[in-house]
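For reference, the structure discussed in these notes is given below.
Bear in mind these aren't lab numbers, they're just calculated from the coordinates by the rules spelled out. Because the structure is predicted, anything quoted here is derived from the model rather than measured. Here the Cβ positions follow ideal geometry from the backbone for every residue, glycine too, while neighbour counts run over all protein chains shown.
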Amino acid sequence: MAKTLMIVDDSATMRKIIMRTVRMSGLEFDSTEEAGNGAEALEKLKAGPVDIVLCDINMPEMSGTEMVKQARQLPNCKETKIIMVSTESSQDLINSVMADGANGYITKPFTPEKFQEKLSPFMS
Ligand SMILES: [Mg+2]
């Protein structure tokens, strides 16, 4: 089944690293796009649904935690899987963003194996 991916991170270098790690993980997407903060990501999500979003937390303009809350209000994002990718590893923060509607959490630094483990349940 066709799958689409969006990578949201304020660092262009990190977006490239994430993209490369996704490729190394063996997961295949039909299309990928990028956004530099939560607000930009929401605009793109409004324009067209995405299957999987990999989302940073600490970003200017709109954080990943705020993006998750707002994305869950969008009618076309009910099925979108949002996986957080962050250096933040506090269990309270993880619990809070999962309660807000995130579908998974990957801490930086990450590996292709970690991406495979966290994303493959959403690839069928
Ligand atoms: Mg960041």
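Suppose R0 equals 22 Å. What FRET efficiency, 1/(1 + (r/R0)^6) with r the Cβ-Cβ distance, do Gln91 and Ser11 give to the nearest 0.05? Write down the numbers at each step before the final one.
On the way: r = 25 Å, r/R0 = 1.12.
Computed FRET efficiency for Gln91 and Ser11 comes out at 0.35.
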Just how large is the dipole of the chain about the Cα centre, in debye to the nearest 20, putting +1 at every Lys and Arg Cβ and -1 at every Asp and Glu Cβ? 240 debye
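For the chain, what is the relative contact order in percent, using Cα pairs closer than 8 Å and at least 6 residues apart in sequence? Present the calculation step by step, with values, prior to reporting the outcome.
Details: 209 pairs, mean separation 32.5, N = 124.
This gives 26 percent for the chain.
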Along the Cα→Cβ direction, 7 angstrom out, place labels at Gln73 and Glu117. What is the inter-label distance in nm? 3.5 nm
Label point 7 Å out from Ala2 along Cα-to-Cβ: which residues of region 31-68 have amide N under 18 Å? 31-34, 45-53
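Considering only DSSP beta bridges whose two residues both sit in the chain, what percent are antiparallel, to the nearest 5? Kindly include the intermediate steps, with their values, before the conclusion.
On the way: 0 of 17 bridges.
Restricted to the chain, the bridges split so that about 0 percent are antiparallel.
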Less than 12 Å from a label point 7 Å out along the Cα-to-Cβ axis of Met24: which backbone N atoms in region 81-124 qualify, by residue? 109-116
Under 26 Å from the Cα of Lys16, which lysines turn up, not counting those fewer than eight places away in the same chain? Lys3, Lys44, Lys46, Lys69, Lys81, Lys108, Lys114, Lys118
